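The values are calculated or read from the model by the stated rules, or taken from the named source; none is laboratory data. The structure displayed is predicted, hence computed values, not measured ones. Counting neighbours? That spans all protein chains shown, and the Cβs are built from the backbone with ideal geometry, glycine included. Note: accessible area is taken over every heavy atom of the protein model, side chains too, but ligands, DNA and RNA are not part of it. Shrake-Rupley method; radii C 1.70, N 1.55, O 1.52, S 1.80 Å.
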2 protein chains.
Amino acid sequence: MRISVLSETDPNEGRVAATPETVKKLKGLGADVVVQKGAGIRSGILDADYEAAGATIEGTASKIAAKSDVILAVRRPTVAQIDGANVGAAVISIMDPYGNEAELAKIAGTKTSAFAMELMPRITRAQVMDVLSSQANLAGYRAVIDASAEYGRAFPMMMTAAGTVPAARVFIMGVGVAGLQAIATARRLGAIVTATDVRPATKEQVESLGAKFIAVEDDEFKQAETSGGYAKEMSKEYQAKQAELVASHIAKQDVVITTALIPGRPAPKLVTKAMVESMKPGSVLIDLAVERGGNVELAKAGEVVIHNGVKIVGHLNVAGRLAASASALYAKNLIAFLETLIDKEKKTLAINWDDELVKATGLTRDGAVVHDQFKGGSSAK
Amino acid sequence: MRISVLSETDPNEGRVAATPETVKKLKGLGADVVVQKGAGIRSGILDADYEAAGATIEGTASKIAAKSDVILAVRRPTVAQIDGANVGAAVISIMDPYGNEAELAKIAGTKTSAFAMELMPRITRAQVMDVLSSQANLAGYRAVIDASAEYGRAFPMMMTAAGTVPAARVFIMGVGVAGLQAIATARRLGAIVTATDVRPATKEQVESLGAKFIAVEDDEFKQAETSGGYAKEMSKEYQAKQAELVASHIAKQDVVITTALIPGRPAPKLVTKAMVESMKPGSVLIDLAVERGGNVELAKAGEVVIHNGVKIVGHLNVAGRLAASASALYAKNLIAFLETLIDKEKKTLAINWDDELVKATGLTRDGAVVHDQFKGGSSAK
């Protein structure tokens, strides 16, 4: 069984799909591991580190996939990158399938089995494979680091002989994995932190991290709060009141970090141009949803826009800005999933297409796109 | 009494010598305050903010100093910038006098009285005027933010479903004001922090911030530790043992921040090329002394050098990278000193040349360089 680890081709992608630690584990599963030359360099991993862990380094890009049973990558590889893989080989990465049906059809044409890590079901068994969580956690941390680097003042209150530097006011919009880590990190740095989310049940989590929840706390809110989990949508009247409260809150903030994503759909607009214009010069907005259209009206993917002295930061691939940590966790997510695809006695790939993890993440099989959501594009040569 | 606030000409200088808050206080002292157009913009202060505080905005650079009694700046102004000031006017800034005797002589030629804020004596009465401390404190904070932005991993330990991200190991060399704030900030972010200093008495301060002091703790050290304050130099034998310990410690660090400055002399070399090469790829060095020649052998002023995968960060004017906070504190330092130069009843400049603060900081008077340390260059036209 040959497992190949690709070098990423996107210049914004510093992550890698294996670490020396996971290479050792793959060797332990009985695999020959081949790593493409230079694959780990942007995560601080040298080819020699992979070799020390038992991998072989392949210097010719066109040869990396040859006769592979498993191909591991961070981003969806091109057909050229997986050329020569065995029929039925597993190609595992973040596949970004939505809107890319034509690319999926091309991969189907290679007769490999492509798996999209980001479609992993959110069940207990698959927590260790949950790339959305592992990467969002780092993105939430990094968003605060980026904000503190862009902001022209200190985050913590500082009592000095020359006077007091006030603590920064940081507002987190969207309290998922990224938002919770952003709250925790901003609190660590000594900021005054507030947060909001459309799910009233998140209030408790926000408060458990020492931040204040911003919401119109009327009867409707209180009922929704106790109903727990992903609550039903709030009334139009409530939404209007809440929007007004949030707008007036934003005007008083130094830093706003937005983290709201809806899988497979454009990101919701949370901060309008008028709200940006209500902020003081020198304030900073970090839009973690910018790759999905953005939560902030003026945000541009890959740019820092300055509007009336307010910085609107739209970095791409924010988890990848912590490439070494992000790779370490992503590689562990991958290997946890891969272990379920391998027959440990025979030391061969043995995909059980009835397993719910395989059903949820499997995109292509035997030359066809097989995932219910993406079947539209049929097999193409 | 006319007080003028200059706009800084150095492109790396985002600070400004007055804020709306200090303008109000200057007005309260009976002064007319004139601020050069755009002076505050890089600190997030608009001309309108100064006007609202009672200042007049001067758009023509050649007119800003005209008939001024006091000129406030961050960096030493050129003769052109102070042209037209009244004879005997006080020009107050960070004068950077060492090695710049020719420039001082030119300023003397304008018959203004130049004061160097960084020569303020470190006595209780002058603590509120201590620009070295106020700016070093912010530089120490910012050094950690810069390190966390350059480092490809998270600083805090993170326990996640996919495994644990280890905490970063951060080593602070030099435990003055900047070093102490760097320790505190790295601790806030969850790093494992160690520190060292040539003064054994700083061990207690390091430990009070929750960090570990790195030193060969033999009898000589223990004696020096209790003798307190700026202790006498340690023996050659001790220095050799300590150097060896530090070298082996650096090899295990993820981040090293150096802060060692000696007033009026080049910065001491603390980290050799061999030590840099002992660090893991992806490690980060921040050299806060780079403008004085650097503590790190490969550091370059104004650059991020990458050597064997190790980043050596040599940002200029690190306090100025937090321009808004740095300006707020600097402006307060300035006004506290300026108050001692003003007759509050007559509302005029009234410099008491016998005052120890004036003696320590005064560089020029009546056409001559008067400060003992810089008298070499005599008045030039």
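Of note:
- P(r) of chain A over all Cα-Cα pairs, binned every 10 Å from zero, in whole percent: 5, 22, 28, 22, 15, 7, 1, 0
- Placing a label point 7 Å from Cα along the Cα-to-Cβ direction at B:Lys359 gives distances to the equivalent points in the other copies of 8.9 nm, listed shortest first.
- Over segment B:60-108: Rg over Rh, Cα atoms, Kirkwood Rh: 0.95
- Ratio of Rg to Rh over segment A:116-176 (Cα coordinates, Kirkwood Rh, two decimals): 1.22
- Placing +1 on each Lys and Arg Cβ and -1 on each Asp and Glu Cβ, with no other charges, gives segment A:119-215 a dipole about its Cα centre of roughly 80 debye.
- For segment B:157-171, putting each phi into the Karplus relation 6.51 cos²θ - 1.76 cosθ + 1.60 with θ = phi - 60° gives couplings of 5, 10, 9, 10, 4, 8, x, 9, 8, x, 5, 6, 9, 10, 10 Hz, in residue order, rounded to whole numbers and with x for Gly and Pro.
- Span-like helix criteria (full DSSP H runs; alpha carbon extent of at least 15 Å along the helix axis; mean Kyte-Doolittle hydropathy of at least 0.0) are satisfied in chain A by A:131-150, A:177-188, A:323-339.
- Accessible surface for segment A:245-381, divided over its residues, is 43 Å² per residue with a 1.4 Å probe.
- Taking every alpha-carbon pair within segment A:138-284, the share separated by more than 20 Å comes to 49 percent.
- Each part reduced to its alpha carbon centroid, segment B:68-99 and segment B:175-224 end up 39 Å apart.
- Rg/Rh for segment A:318-375 (Cα atoms only, Rh after Kirkwood) is 1.08.
- Whole-Hz ³J(HN,Hα) from phi, Karplus 6.51 cos²θ - 1.76 cosθ + 1.60, for segment B:29-39, glycine and proline x: 7, x, 9, 8, 10, 10, 10, 5, 3, x, 4
- Charge sum, other residues only, whose C-beta stays under 14 Å from A:Asp343's C-beta, Lys/Arg counted +1 and Asp/Glu -1: -1
- Over 25 Å between alpha carbons, listed pairs A:Lys25/A:Lys63; A:Lys24/A:Lys106; B:Lys111/B:Lys347; A:Lys63/A:Lys111; A:Lys280/B:Lys24: A:Lys24/A:Lys106
- About its Cα centre, the dipole of the protein assembly as shown is roughly 360 debye, where the only charges are +1 on Lys and Arg Cβ and -1 on Asp and Glu Cβ.
- Plainly put, the tip 7 Å out from Cα toward Cβ on B:Lys269 is 5.9 nm from that tip on each other copy, the closest given first.
- Computed over neighbours whose Cβ is under 15 Å from that of B:Ala162, the net charge equals +2, Lys and Arg +1, Asp and Glu -1.
- Drop in accessible area of at least 30 Å² in the complex versus isolated chain, residues of segment B:168-196, 1.4 Å probe: B:Arg188, B:Leu189
- Taken about its Cα centre, segment A:1-153 carries a charge dipole of about 300 debye when Lys and Arg each add +1 at the Cβ and Asp and Glu each add -1 at the Cβ.
- Mean separation of Cα contacts under 8 Å, 6 or more apart, over the residue count of chain B: relative contact order %: 19 percent
- Distances between copies of B:Ala102, taken at a point 7 Å out from Cα along the Cα→Cβ vector and listed shortest first: 6.5 nm.
- Calculated Rg and Dmax of the protein assembly as shown using C-alpha coordinates, Å: 29.9, 97
- Accessible area of segment A:145-189 divided out per residue, in Å², using a probe of 1.4 angstrom: 29 Å²
- Of the residues B:Gly54, B:Gly14, B:Gly28, the one that moves most in a GNM of chain B with alpha-carbon contacts below 10 Å is B:Gly28.
- In terms of accessible area, using a 1.4 Å probe and ignoring ligands and nucleic acids, B:Ser248, A:Ser113 rank largest first as B:Ser248, A:Ser113.
- For the chain pair B and A, the interface hides roughly 3100 square angstrom of accessible area in total, found with a 1.4 Å probe.
- Scanning chain B for chymotrypsin sites (Phe, Trp or Tyr not before Pro) that sit in a DSSP loop and have at most 10 other Cβ atoms within 10 Å, the longest stretch containing none of them is B:1-229.
- Computed on segment A:11-110, the Cα convex hull volume stands at 101 Å³ per residue.
- Computed lengthening from B:Glu233 to B:Leu316, 0.36 nm per intervening residue step minus Cα-Cα distance: 26.9 nm
- Shown here for segment A:190-279: trypsin sites (Lys or Arg not before Pro) in loop regions (DSSP other than H, G, I, E, B) with at most 10 other Cβ atoms within 10 Å, namely A:Lys232.
- With protein chains left intact and a 1.4 Å probe, residues in segment A:34-108 average 40 Å² of accessible area per residue.
- Distance distribution P(r), segment A:273-381, all Cα-Cα pairs, bin width 10 angstrom from 0: 12, 23, 23, 21, 14, 6, 1 percent.
- Simple rule: put +1 on each Lys or Arg Cβ and -1 on each Asp or Glu Cβ in segment A:209-359, find the dipole, and look at A:Phe221, A:Ser235, A:Leu349; the Cα lying farthest toward the positive end is A:Leu349.
- Note on B:Glu303 and A:Thr124: their simple-model spin labels are 5.7 nm apart, each label 7 Å out from Cα toward Cβ.
- Lysines whose Cα lies under 29 Å from that of A:Lys236, excluding same-chain neighbours fewer than 8 positions away: A:Lys203, A:Lys212, A:Lys222, A:Lys252, A:Lys269, A:Lys273
- Accessible carbon and sulfur surface of the protein assembly as shown relative to its total accessible area, %, 1.4 Å: 51 percent
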